[in-house]
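*Asks:* Below is a structure I'd like to ask you about.
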Amino acid sequence: MSKPRGSWGSQLGFILAAAGSAIGLGNIWRFPYMTGENGGAAFVVIYIVCVIIIGLPIMVAELAIGRHTEKNPVGAFQKLAPRSGWFLVGLLGVVTGIGILSYYAVIAGWTVGYLVKTLTGSFSVQMTPETSKEIFTSFVKHPLNSIICLFAFLALTAYVVIGGVSKGIERWSKILMPTLFIMLILLTLRSVTLPGAVAGLKFYLQPDFTAISLTTFAKALGQALFSLSLGMGAMITYGSYIRKEENLPISAAWVCLSDLSVALIAGLMIFPALFAMGINPQEGAGLVFVVLPTIFAKIPGGLIFGSGFFLLLVVAALTSTISLLEVVVAFLVDQYRWSRRKAVVSMSALAFLLGIPSALSFGASTWFSQLPLIGKGFLDLANIILGNYSLIFGSLLIAIFVSYKWGLQAVEKEVMREGNVFYFRITWAFLIRYITPFAILAIFVYIIVTKNYF
Ligand code: PHE
């Protein structure tokens, strides 16, 4: 006897859970440093365009596939295109999901470590950017630190996912997401009122279009898909728990809008503070961990703001790792009738093992820190392959699938069930058929040919 599938208790519950998946380290850690490295405001403008003309249409498509089939990504493609190779798109998603989880949880683990460090007063008043960098490097270099933090984060994720859809994921998202919004706003207010914040606002808000190139587009697209959790079936899985009477395009729009606003506000929180402290915005991936503690050490109430900030990162990352784990759990529960508990425990254990090379790739092991022939660390490489190439490729195939295989009318029928209105139906159909797949294809070919992400 198979148990009935879970479903979200309410539309708000779904929106918060899906926004929780989307909003994560991608918004608060990755978006600001990508913006810093790729020219500031001009990058932000291109990013917004990518979210609207590529992200939003794919979000609607993924949710429709999920709700129509009520299945995990593999089962969904099998149901819509039986006896064909399309299920491989779902399988690629499941594999990508567990792969992303394995390295994402490493960085998420650092946020827990940094929260503890801040609370225990490791960041003293005299701290300079140099000492902060030293603290960071020795923290991530310590093999046991990283591995324990990775383990802790995956255990936390597993605990929530074992609870199931409405009693686990939805209930926690309803508490965690509003907490996140409130902390983000408070920290942003603090940052923009620092003396010297205006230069940061200028860098962030005044576009200089001479600095952009095709590469900027490629990076903005990769960032948008990663940030919206698209291209690997997370939204197919979450969509499969939506009740038939909910309006999909409205839900999709809310998720995209909240994800975009959190990224934009995160920039507003970080750049003014950076410029106020006279620090270079091109600091790279260490931005959050190296630079912000120096700021917290200097401002009044730094302990509170600092712990608030790292708690914010923990919360944001947790609602994302939950969705990454849920994709593979739904796959095993649907396809192989595993119990939820067995799927959660074994897959988090797998993510833990797969995450160890990433956790050791910041100096703990020379081999993983600089892979032979490639010259990059293991985590960097995993992020390029899974977090960029695979999501771009997966999104391309999903756009092609709904436009040219399953069919736009089938999507329209799914959206308009129970008398729902499909807002912007014609625009959506035009984008997903003629713009989204070709724009992604062009960028995909470009990054393959120029090896731009390497
Ligand atoms: N969207 C998440 C973030 O921005 C990461 C993620 C990617 C989650 C893909 C699920 C699927 O942090």
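The values are calculated or read from the model by the stated rules, or taken from the named source; none is laboratory data. Being a predicted model, the structure only gives us computed values, none of them experimental. Here the Cβ is made from the backbone with ideal geometry for all residues, glycine too, and neighbour counts use every protein chain on show.
*Asks:* Collect the residues in the stretch 204-234 that are hydrophobic (A, V, I, L, M, F, W, C) and either surrounded by 20 or more Cβ atoms within 10 Å (Cβ to Cβ) or closer than 30 Å to Thr321 by Cα (or both), keeping them in residue-number order.
*Replies:* Phe217, Ala218, Ala220, Leu221, Ala224, Leu225, Phe226, Leu228, Leu230, Met232, Ala234
*Asks:* Regarding Ser191, is this residue away from the ligand (no atom under 16 Å from the Cβ), part of a helix (DSSP H, G or I) and touching a residue at least 40 places away in the same chain (Cβ under 8 Å)? Step through it out loud before you land on a result.
*Replies:* Values: away from the ligand (no atom under 16 Å from the Cβ): yes; part of a helix (DSSP H, G or I): yes; touching a residue at least 40 places away in the same chain (Cβ under 8 Å): yes.
Yes, satisfied.
*Asks:* Looking at the stretch 13-36, is at least one residue touching a helix residue (DSSP H, G or I) at 6+ places or on another chain (Cβ under 6 Å) and away from the ligand (no atom under 16 Å from the Cβ)?
*Replies:* Yes, the conditions are met somewhere in the stretch 13-36.
*Asks:* Still on this structure, please answer the following. When you go through Leu56, Leu16, Leu92, Leu63 one by one, which is the residue that is of a type outside the set (Asp, Glu), touching a residue at least 24 places away in the same chain (Cβ under 8 Å), assigned to a helix (DSSP H, G or I) and touching a Cys at 6+ places or on another chain (Cβ under 6 Å)?
*Replies:* Result of the check over Leu56, Leu16, Leu92, Leu63: Leu56.
*Asks:* Contact list please: Cβ distance under 6 Å, first residue in the stretch 275-302 and under 14 Å from Ser132 (Cα atoms), second residue among the small types (Gly, Ala, Ser) and at pLDDT 80 or above, pairs at least six apart or on different chains.
*Replies:* Taking only residues 6 or more apart or on different chains, the pairs are Val290/Ser132; Pro293/Ser132; Thr294/Ser132; Ile295/Ala273; Phe296/Gly302; Phe296/Gly306.
*Asks:* How about the stretch 110-128: which of its residues are assigned to a helix (DSSP H, G or I) and small (Gly, Ala, Ser)? Outline the logic, then answer.
*Replies:* Taking the stretch 110-128 first, the residues assigned to a helix (DSSP H, G or I) are 110-119.
Matches in the stretch 110-128: Gly113 only.
*Asks:* Which condition number in (1) farther than 25 Å from Val411 by Cα; (2) more than 16 Å from the ligand (Cβ to nearest atom); (3) out of contact with any Lys or Arg (no Cβ under 8 Å at 6 or more places or on another chain); (4) of a type outside the set (A, V, I, L, M) is the one that Phe43 fails?
*Replies:* The one condition Phe43 does not meet is (3).
*Asks:* Same structure, new question: Quick one: which helices (runs of 4 or more DSSP H) lie wholly within the stretch 196-274 and hold at least 2 residues that are within 16 Å of the ligand (Cβ to nearest atom), small (Gly, Ala, Ser) and in contact (Cβ under 8 Å) with a residue 60 or more places away in the chain?
*Replies:* Of the helices (runs of 4 or more DSSP H) lying wholly inside the stretch 196-274, those with at least 2 residues that are within 16 Å of the ligand (Cβ to nearest atom), small (Gly, Ala, Ser) and in contact (Cβ under 8 Å) with a residue 60 or more places away in the chain span 214-227, 234-239.
*Asks:* Can Ser320 be described as at pLDDT 80 or above and either within 16 Å of the ligand (Cβ to nearest atom) or not in a helix (DSSP H, G or I) (or both)? Talk me through it step by step, then tell me what you get.
*Replies:* Numbers: at pLDDT 80 or above: yes; either within 16 Å of the ligand (Cβ to nearest atom) or not in a helix (DSSP H, G or I) (or both): yes.
Taking the combined requirement at face value, the residue satisfies it.
*Asks:* Are there helices (runs of 4 or more DSSP H) fully within the stretch 323-423 with at least 1 residues that are within 16 Å of the ligand (Cβ to nearest atom)? List them.
*Replies:* Output list reads 340-359, 378-384, 391-400.
*Asks:* Looking at the stretch 22-37, I want the residues that are touching a residue at least 60 places away in the same chain (Cβ under 8 Å) and farther than 17 Å from Leu187 by Cβ and have a partner that is outside any helix (DSSP H, G or I) and more than 8 Å from the ligand (Cβ to nearest atom) with Cβ atoms under 6 Å, at least 6 apart or on another chain. Which pairs are those?
*Replies:* Hits for this filter: Gly36/Pro281; Gly36/Gln282; Glu37/Gln282.
*Asks:* Just one of (1) more than 16 Å from Leu230 (Cβ to Cβ); (2) in contact with a His (Cβ under 9 Å, 6 or more places away or on another chain); (3) crowded, with 17+ Cβ neighbours inside 10 Å trips up Val411, so point out which.
*Replies:* With respect to (1) more than 16 Å from Leu230 (Cβ to Cβ); (2) in contact with a His (Cβ under 9 Å, 6 or more places away or on another chain); (3) crowded, with 17+ Cβ neighbours inside 10 Å, Val411 is out only on (1).
*Asks:* Picking from Ile356, Ile443, which residue would you name as being surrounded by 15 or more Cβ atoms within 10 Å (Cβ to Cβ) and more than 20 Å from Thr321 (Cα to Cα)? Reasoning before the result, please.
*Replies:* Values: Ile356 fails: more than 20 Å from Thr321 (Cα to Cα).
The match here is Ile443.
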